[in-house]
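The values are calculated or read from the model by the stated rules, or taken from the named source; none is laboratory data. Not measured: the values here are computed from a predicted model. Every residue, glycine among them, receives a Cβ derived from its backbone with ideal geometry; neighbour counts consider all protein chains shown.
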Amino acid sequence: MNINIKTTTISLTPAISEYVEKRLRSIESFLQDDTTAQCDIELAKTTNHHKQGDIFKAEVHIIAKDINIYASVEKEDLYAAIDIVKDEVVRKLKSSKDKRQSLVRRGGAQVKNILKGFWPGKSN
């Protein structure tokens, strides 16, 4: 998986970069068969519309063979925003995996019902 990190209104320090890559490596297990997966992350500090304090924003966009997932979170702490957006992406990846598996199982059940009609002596 190729990870691209973009920052807006904050500087990308090696500590932030390492933390992001460490957190997003757990997502690779969901995309293990796709080597062309692209993960774009944008980290920003949005303070224009807040009266006090810094608000950090973390956005993740994953594009893979059959997957297109986007998640965005705003929090007071940059590291908390990264953790929460990672959890959101994992939740969406699990959901899409479950949907694909159930589609395969439904298709298999239909094939099984069709094949039951070809065996002699068997009735539905």
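Exactly one condition in (1) under 13 Å from the mean Cα position of the chain (by Cα); (2) modelled with pLDDT under 85; (3) surrounded by fewer than 13 Cβ atoms within 10 Å (Cβ to Cβ) is false for R91; which is it?
The failed condition is (2).
Within 19 Å of I16 (Cα to Cα), hydroxyl-bearing (S, T, Y) and at pLDDT 90 or above: is that true of Y79 in this structure? Working first, answer last.
On the way: within 19 Å of I16 (Cα to Cα): yes; hydroxyl-bearing (S, T, Y): yes; at pLDDT 90 or above: yes.
In short, yes.
Does the stretch 4-25 include one or more residues that are part of a helix (DSSP H, G or I) and among the hydroxyl-bearing types (S, T, Y)? Can you show your working first?
Of all residues in the stretch 4-25, those part of a helix (DSSP H, G or I) come to 14-25.
The next check asks that each one be among the hydroxyl-bearing types (S, T, Y); those that pass are 17, 19.
Within the stretch 4-25, one or more residues are part of a helix (DSSP H, G or I) and among the hydroxyl-bearing types (S, T, Y).
List the number of the failed condition for S96; all other conditions in (1) modelled with pLDDT under 90; (2) over 11 Å from the mean Cα position of the chain (by Cα) hold.
(2)
Quick check on this structure: which one of Y19, Y70 is of a type in the set (S, T, Y) and in contact with a His (Cβ under 7 Å, 6 or more places away or on another chain)?
Details: Y19 fails: in contact with a His (Cβ under 7 Å, 6 or more places away or on another chain).
That would be Y70, the only listed residue that is of a type in the set (S, T, Y) and in contact with a His (Cβ under 7 Å, 6 or more places away or on another chain).
Hey, can you tell me all the residues within the stretch 46-63 that are modelled with pLDDT of 85 or more and either under 20 Å from I3 (Cα atoms) or of a type in the set (S, T, N, Q) (or both)?
Kept after step one, since they are modelled with pLDDT of 85 or more, are these residues of the stretch 46-63: 55-63.
Result: F56, K57, A58, E59, V60, H61, I62, I63.
Can you name the number of the only condition in (1) in contact with a strand residue (DSSP E or B) (Cβ under 6 Å, 6 or more places away or on another chain); (2) at pLDDT below 90; (3) surrounded by 16 or more Cβ atoms within 10 Å (Cβ to Cβ) that A71 fails?
Only one criterion in (1) in contact with a strand residue (DSSP E or B) (Cβ under 6 Å, 6 or more places away or on another chain); (2) at pLDDT below 90; (3) surrounded by 16 or more Cβ atoms within 10 Å (Cβ to Cβ) is unmet by A71, namely (2).
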